[in-house]
1. For the range 1-20, name all the residues that are more than 12 Å from the ligand (Cβ to nearest atom) and either crowded, with 22+ Cβ neighbours inside 10 Å or without any contact (Cβ under 8 Å) to a residue 12 or more places away in the chain (or both).
2. For the range 28-56, give me the residue count where each residue is within 21 Å of residue 116 (Cα to Cα), out of contact with any helix residue (DSSP H, G or I) (no Cβ under 9 Å at 6 or more places or on another chain) and away from the ligand (no atom under 15 Å from the Cβ).
3. Of (1) under 18 Å from residue 154 (Cβ atoms); (2) within 15 Å of the ligand (Cβ to nearest atom); (3) surrounded by 24 or more Cβ atoms within 10 Å (Cβ to Cβ), residue 101 satisfies all except one. Which?
4. For residue 94, which of the numbered conditions (1) within 15 Å of the ligand (Cβ to nearest atom); (2) touching a strand residue (DSSP E or B) at 6+ places or on another chain (Cβ under 6 Å) fails to hold?
5. When you check residue 59 against the structure, is it at pLDDT below 95, within 14 Å of the ligand (Cβ to nearest atom) and closer than 22 Å to residue 96 by Cα, yes or no?
6. Between residues in the range 46-73 that are in contact (Cβ under 8 Å) with a residue 60 or more places away in the chain and residues that are surrounded by 20 or more Cβ atoms within 10 Å (Cβ to Cβ) and in a helix (DSSP H, G or I), which pairs lie under 7 Å by C-beta distance while being six or more apart or on different chains?
7. Restricting the search to the range 51-100, which residues are within 19 Å of residue 21 (Cα to Cα) and part of a helix (DSSP H, G or I)?
8. Which condition number in (1) within 16 Å of the ligand (Cβ to nearest atom); (2) modelled with pLDDT of 95 or more; (3) surrounded by fewer than 16 Cβ atoms within 10 Å (Cβ to Cβ) is the one that residue 74 fails?
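The values are calculated or read from the model by the stated rules, or taken from the named source; none is laboratory data. Keep in mind that this is a model prediction, so the values were computed, not measured. Note: ideal-geometry Cβ built from the backbone for every residue, glycine included; neighbour counts use all protein chains shown.
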Ligand SMILES: [Zn+2]
């Protein structure tokens with residue numbers, strides 16, 4: 001059996017916060033605002049794998065109302081979520097992601113981001129791809145006020 005999953009997330013960008021994508025810190029003058037560390041890509045990927053396995057979503061698993069998750073490492077949340085996915089017999093076939101922000105450019109960080117996701121998802125980097133886009137100066141993303149991430153994954157049940 002195979003199943004697809006889709007995840008999407010958006011975070012406001014503000015000064016004095018780190019700009020994290022899948023645990024990799026990008027050099028930027030603003031970073032993601034959030035209850036956790038705000039890692040927009042980690043959150044989108046977590047929702048994609050949970051959705052594919054029919055295990056709910058990141059908000060249900062790690063409620064923002066719970067102080068336990070304040071400033072949480074979102075890659076740790078992804079590892080916990082994917083552990084539940086694996087317990088159900090699922091393995092990742094592939095993951096494809098799009099991150100949209102005006103700055104910084106993603107390309108210099110792409111291989112590190114792929115490797116970080118691959119390690120968290122028990123996959124080879126070849127199974128994981130991440131694309132960077134801009135919003136062509138349009139809307140809040142184009143104004144540098146937000147970053148958006150989308151992720152789609154394919155899981156295969158092996159048990
Ligand atoms: Zn988020």
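1. Scanning the range 1-20 gives 5, 13, 19.
2. The number of residues fulfilling the criteria is 1.
3. Evaluating residue 101 over (1) under 18 Å from residue 154 (Cβ atoms); (2) within 15 Å of the ligand (Cβ to nearest atom); (3) surrounded by 24 or more Cβ atoms within 10 Å (Cβ to Cβ) leaves (1) as the failure.
4. The number of the failed condition is (1).
5. Values: at pLDDT below 95: yes; within 14 Å of the ligand (Cβ to nearest atom): yes; closer than 22 Å to residue 96 by Cα: yes.
It is true that residue 59 is at pLDDT below 95, within 14 Å of the ligand (Cβ to nearest atom) and closer than 22 Å to residue 96 by Cα.
6. Here the result reads 47/58; 49/81; 49/82; 49/85; 53/85, each pair linking the range 46-73 to a residue that is surrounded by 20 or more Cβ atoms within 10 Å (Cβ to Cβ) and in a helix (DSSP H, G or I).
7. 58, 59, 69, 74, 75, 76, 77, 78, 79, 80, 81, 82
8. Failed condition: (3).
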